[in-house]
């Protein structure tokens, strides 16, 4: 299809370091790329969980840099 673009997402990271919610804040202009970006983050991304003042893992929001979807040559 030739689709390209940048997708920015906000994530919610669980206490276990998994993405539990993804929201697009910058669309590529192609819903299929936007949806794929969130799907990949939810299925594959792992984070070191944030911790509170007592050292306990907490749920936290993360503003990710845009993902660049480009066709290779």
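Residues that are without any contact (Cβ under 8 Å) to a residue 40 or more places away in the chain, surrounded by 11 or more Cβ atoms within 10 Å (Cβ to Cβ) and not in a loop (DSSP other than H, G, I, E, B): does region 55-73 have at least one? Checked region 55-73: no residue is without any contact (Cβ under 8 Å) to a residue 40 or more places away in the chain, surrounded by 11 or more Cβ atoms within 10 Å (Cβ to Cβ) and not in a loop (DSSP other than H, G, I, E, B).
Being more than 30 Å from residue 55 (Cβ to Cβ) and in a strand (DSSP E or B) is the filter here, so list the residues in region 10-32 that pass it.
Within region 10-32, 24, 25, 26 meet the criteria.
Can we say residue 48 is more than 9 Å from the chain's Cα centre (by Cα), exposed (fewer than 11 other Cβ atoms within 10 Å of the Cβ) and in a loop (DSSP other than H, G, I, E, B)? Taking the combined requirement at face value, the residue satisfies it. Taken together, the residues in region 1-28 that are touching a residue at least 40 places away in the same chain (Cβ under 8 Å), surrounded by 15 or more Cβ atoms within 10 Å (Cβ to Cβ), at negative phi and touching a helix residue (DSSP H, G or I) at 6+ places or on another chain (Cβ under 8 Å) amount to 4.
Laboratory data are not the source of any read-out in this text; all were calculated from the coordinates shown. Please read all numbers here as calculations on a predicted model, not as lab measurements. Reconstructed Cβ throughout: ideal geometry from the backbone, glycine too, with neighbour counts over all protein chains shown.
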